[in-house]
Amino acid sequence: MVKLSSSQLDAIFHALSDPTRRAILRALADGEHSIGELAAPLQMSFAGASKHIKALELAGLVQRTVQGRNHICRLEPGPMAQAMQWLQTYEHFWTERLDALEVALRQPEQYPPKE
């Protein structure tokens, strides 16, 4: 799998930080949609939805094609999978730390409070 650059990761996490863009991604997980179809349930204009789609495109999460007057969007899972792989590196680190904390909390007599 291709490694993401820091700027690519930044773009992905920036895109995912917005609830509207996450809603668009959820809709696209069911298949391709026009921008109008994506905008309607969010009660936003074509221009407003298009700005969100642009952020998702810059992150590589969505691909837009133009068919006549329709802009059709589809999900690109590759960058999301790569970002998930990056997160899993840290998941292992935190899992070990949280397991150690759990052991310490279950055996307080071994770790008396500091005075």
Next on the checklist: Which residue is surrounded by the most Cβ atoms within 10 Å (Cβ to Cβ), if the candidates are limited to the stretch 53-76 and must be among the hydrophobic types (A, V, I, L, M, F, W, C) and within 13 Å of L25 (Cα to Cα)?
Outcome noted: L56
Item to check | Identity of the residue in the stretch 1-21, farther than 18 Å from G78 by Cβ and touching a helix residue (DSSP H, G or I) at 6+ places or on another chain (Cβ under 9 Å), that ends up surrounded by the fewest Cβ atoms within 10 Å (Cβ to Cβ) | outcome: D18
Item to check | Flag if G48 is of a type in the set (G, A, S), on the phi > 0 side of the Ramachandran plot and free of Cβ contacts under 8 Å to residues at least 12 places away in the same chain | outcome: no
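Every number here is computed from the coordinates shown, using simple stated rules; none is lab data. This structure is a prediction, so every number in the text was calculated from the model and none was measured. With ideal geometry, Cβ positions are generated from the backbone for all residues, glycine too; neighbour counts draw on all protein chains shown.
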